[in-house]
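Visitor: I have a structure I would like to understand better, so I am pasting it below and will then ask my questions one at a time.
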Amino acid sequence: MDGISRALDEVLLSDVKCPVCKQYMVPPIKMCTNGHNICSKCTESVQLCPTCRTKFSETRNVALENIARRLKYPCANRQSGCLDKFSIEHIAEHHAVCVYGKVKCPFHLYETCPWNGLKSDLKEHAKAEHPDYVLEQSSIHFPYLSGALAVLSCFEELFTCYLQYREGRYYGAVQLIGPSSEASKYKCEFTLLAENGIEQIRKTFLVQGYSDNFETIFNSGNCFNLDEKTVNNFVKENELNLYIYLYTM
Ligand SMILES: [Zn+2]
Ligand SMILES: [Zn+2]
Ligand SMILES: [Zn+2]
Ligand SMILES: [Zn+2]
């Protein structure tokens, strides 16, 4: 791209900035009855045009939508250092994998860890602050009857393994710290072994993406989900004999 078209892109980009949320608008771009633009997300939360206080119409700004389709949008993590630009079709895809995007420490669920930083710094943080629950391996013995969370570092990725006891049932799931599209390249196997070495329960599930919350995963049924009575057959001296293994597909 030459200097002139780059400068033109910058000017056009300022025209597609939503006046409410300050994000770049992507089609459909709605208008108020006086022709001011707003992103479709904001029309759901804002009743009147922020510029002229008239109502929004159902009319779309097709001309601006066409311009938007030809623009390269900067990554939303530009301030953190990502200088990449993408067409509208590809920007959402990029945001899901951008290494400059911030992630919450998975231990915020258990120890209310407030850490929120770059994915590339998460491993170092987790090893320093939660050393007992971060392992450089693709499997883990999970004896925690009251539920727990552990991080596995393997396949050059980070995974969280989570078990929770709730109202007479045990729920467990594995998440990739990354987008769902990447997570579906992995599967996890939950294996309960009885003391006699004969009885076992083995269940395999897809690894979930990090943006899915555990509540959603547990309700979806795509996770480890067994009643307490069954699980108690695999408890010895107050320790659960559960192993979680991760595999690539
Ligand atoms: Zn908006
Ligand atoms: Zn207006
Ligand atoms: Zn980016
Ligand atoms: Zn943490």
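Visitor: Can you give the Kirkwood hydrodynamic radius for the chain, in Å, rounded to one decimal and based on Cα pairs?
Guide: Final number for the Kirkwood radius of the chain is 21.2 Å.
Visitor: May I ask you to list the trypsin sites (Lys or Arg not before Pro) in segment 152-189 that are in a DSSP loop and have at most 15 other Cβ atoms within 10 Å of their Cβ?
Guide: K185
Visitor: Binning every alpha carbon pair distance of segment 51-115 at 5 Å from zero, what are the percents per bin?
Guide: 4, 14, 14, 13, 13, 14, 12, 8, 7, 2, 0
Visitor: Could you work out the equivalent-ellipsoid semi-axes for segment 164-249, taking the square root of 5 times each eigenvalue of the Cα gyration tensor, largest first, in whole Å?
Guide: 25, 15, 9
Visitor: Among N61, G101, S153, which residue has its Cα furthest toward the positive end of the charge dipole of segment 1-156, with +1 on Lys/Arg Cβ and -1 on Asp/Glu Cβ?
Guide: So the residue furthest toward the plus end is N61.
Visitor: Longest exposed-loop-site-free stretch of the chain, with GluC sites (Glu not before Pro), DSSP loop and at most 16 other Cβ within 10 Å?
Guide: 1-110
Visitor: Quick check on my link table: of K30/K119; K119/K203; K123/K185; K17/K104, which ones sit more than 26 Å apart, alpha carbon to alpha carbon?
Guide: Table pairs above 26 Å Cα-Cα are K30/K119; K119/K203; K17/K104.
Visitor: How far, in nm, would the chain grow between S120 and S57 when pulled straight, counting 0.36 nm per residue and subtracting the alpha carbon separation?
Guide: The S120-S57 span can extend by a further 18.3 nm.
Visitor: Determine the shape class of segment 1-139: with a ≥ b ≥ c the square roots of the Cα gyration tensor eigenvalues, call it rounded for a/c under 1.5, and otherwise prolate if a/b is greater than b/c, oblate otherwise.
Guide: Prolate, since a/c reaches 1.5 and a/b exceeds b/c.
Visitor: In addition: Identify the trypsin sites (Lys or Arg not before Pro) of segment 1-47 meeting these criteria: DSSP loop state and at most 16 other C-beta atoms within 10 Å of the C-beta.
Guide: K22
Visitor: Starting from 0.36 nm per residue, how many nanometres of slack lie between A7 and A96 once their C-alpha separation is accounted for?
Guide: 29.3 nm
Visitor: A further question follows. To the nearest 20 debye, what is the magnitude of the charge dipole of segment 31-70 about its Cα centre, counting +1 on the Cβ of each Lys and Arg and -1 on the Cβ of each Asp and Glu?
Guide: Approximately 100 debye in magnitude.
Coordinate-derived values only; no laboratory data. Worth saying up front: this structure is predicted, and the values here are computed from it rather than measured. Here Cβ is always computed from backbone atoms with ideal geometry, including for glycine, and neighbour counts include all displayed protein chains.
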